[in-house]
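*Asks:* Below is a structure I'd like to ask you about.
Please treat every number below as a calculation from the coordinates, not as lab data. Model, not experiment: these values are computed from the prediction. Neighbour counts run over all protein chains shown; Cβ positions are idealised from the backbone, glycine included.
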Amino acid sequence: MKSYRKYKVIRKVKENSLVVSLYLAPIDAIPLTPFMPGQHLMFKLDIPGTGVPVFRYYSFSDIFNLVYYRVSVKKELPPANNFTLPEGLASSYLYDCVKEGDILEAKGPSGDFYLNPEDSKPVVLIAGGIGITPLLSMIKSIAKSNPAKMVYFFYGVNERSDHSFQTELQHIGEVYDNICITTFYNKIGFGDVKGVHYDYEGFVNIQTILQITKETHLDYYICGPGPMMSYITGELEKLGINKGNIHIESFNNKNDQSLEEETQELLPDQENLKPNTEFSIEFLLSGKKIQWDNRYRSILEFAEGNDIEISSGCLFGDCGTCLTEIKEGNVRYMHQTLIIADEGKCLPCSCIPTSNVILNV
């Protein structure tokens, strides 16, 4: 199992009203592990009141350097139609509570959503909201190592207060002729200037993408809310784009806020919840049989908390990386998943046991 490593927060920068960047330097003398642009770290967070570690993925938002990693986090608020629901557990902790000098644990880099900046083929990057983080790493990596590679970057946000990394993007657009940046604001506010703050009003749309790229058979990397990604990928497939040229990373907030919403009734009071050891989970390949602890939000997090690694990519059932064979027992899903597991398999990142379970992992 890949081990977790401790990092000191050497800098914390507010990127907009809800997004912060954390600059993480290792506390040991071991050099930082290089990552591919688009990859992420898995964080193991000891959040007061949870009783057990909380696990989340956060993407690198900068190019690799030998001194620090940078990840960027959006604090997830309750949905506008129900403010009684909790804020995002992990994102609120990182945004509100973690400060410079604090120590965080993470492992990685990992993730299959990345590109090779040395490749010469033009690329289209499409981001919605905080989905910009892995794509910003891609843009900056290409700018540094391959200034001949053409990049078309389309970035959609709700309004200017959601526009992260505006200064960085403006600098990149001015300095690098090979990087074309197009920004969409869904809501135009007082003082917003077209051509300065944004380029188009409304959502990112396929018509504008084609108008600017003037060709279709390129590589596409898409990261953002589920509806945006479904729309873009659907339109690209209608145009005959090979699915192998469409790469997606879901930032639909189930990683934090929506997960809180959908599990609220099942885990009503995390602070006062006592461990439930009614069921056991046997991990065949790991040779471990452990009593279930219902303070964990999924079998995968339970496994991580007990030093058992299950390969994963998203933590909310949208990628299928963690698909695991169930030899015996039953599970219950804690929220809707994009991937539907076949009979005899499960997505450990999104389910909990309802009986004794034996997993082939």
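*Asks:* Mind checking the dipole of segment 277-361: about its Cα centre, +1 per Lys or Arg Cβ, -1 per Asp or Glu Cβ, Debye to the nearest 20?
*Replies:* Numbers: 7 positive and 12 negative charges, 26 e Å.
Its charge dipole is roughly 120 debye.
*Asks:* For the chain, what is the mean residue ellipticity at 222 nm derived from helices alone (per DSSP H run of n ≥ 4: -39500 (n - 2.57); sum divided by total residues; nearest 500 deg cm²/dmol)?
*Replies:* -5000 deg cm²/dmol
*Asks:* With contacts defined as alpha carbon pairs under 8 Å and 6 or more residues apart, what's the relative contact order of the chain in percent?
*Replies:* Numbers: 761 pairs, mean separation 53.3, N = 361.
So the answer I get is 15 percent.
*Asks:* What aspartates and glutamates could a cross-link reach from K149, if we take a straight Cα to Cα line under 13 Å and drop same-chain neighbours fewer than 8 places away?
*Replies:* E118, D119, D177, D219
*Asks:* Related question: Taking only C-alpha pairs under 8 Å that are 6+ residues apart, what is the relative contact order of segment 75-173 in percent?
*Replies:* 23 percent
*Asks:* Which of the aspartates and glutamates could be linked to K187 by a straight reach, that is with a Cα gap under 16 Å, when you skip same-chain ones fewer than 8 residues away?
*Replies:* Within reach: E159, D162, D199, E201.
*Asks:* Still on this structure: How high is the relative contact order of segment 200-246? Use alpha-carbon pairs under 8 Å, at least six apart in sequence, and give a whole percent. Before the final figure, lay out each step's value.
*Replies:* Working: 20 pairs, mean separation 21.3, N = 47.
Relative contact order here is 45 percent.
*Asks:* By a straight-distance test (C-alpha under 28 Å), which lysines pair with K99 as possible cross-link partners, with residues fewer than eight away in the same chain excluded?
*Replies:* Answer for K99, where 28 Å is the Cα cut-off: K2, K6, K8, K12, K14, K44, K74, K75, K107, K140, K254, listed by chain and number.
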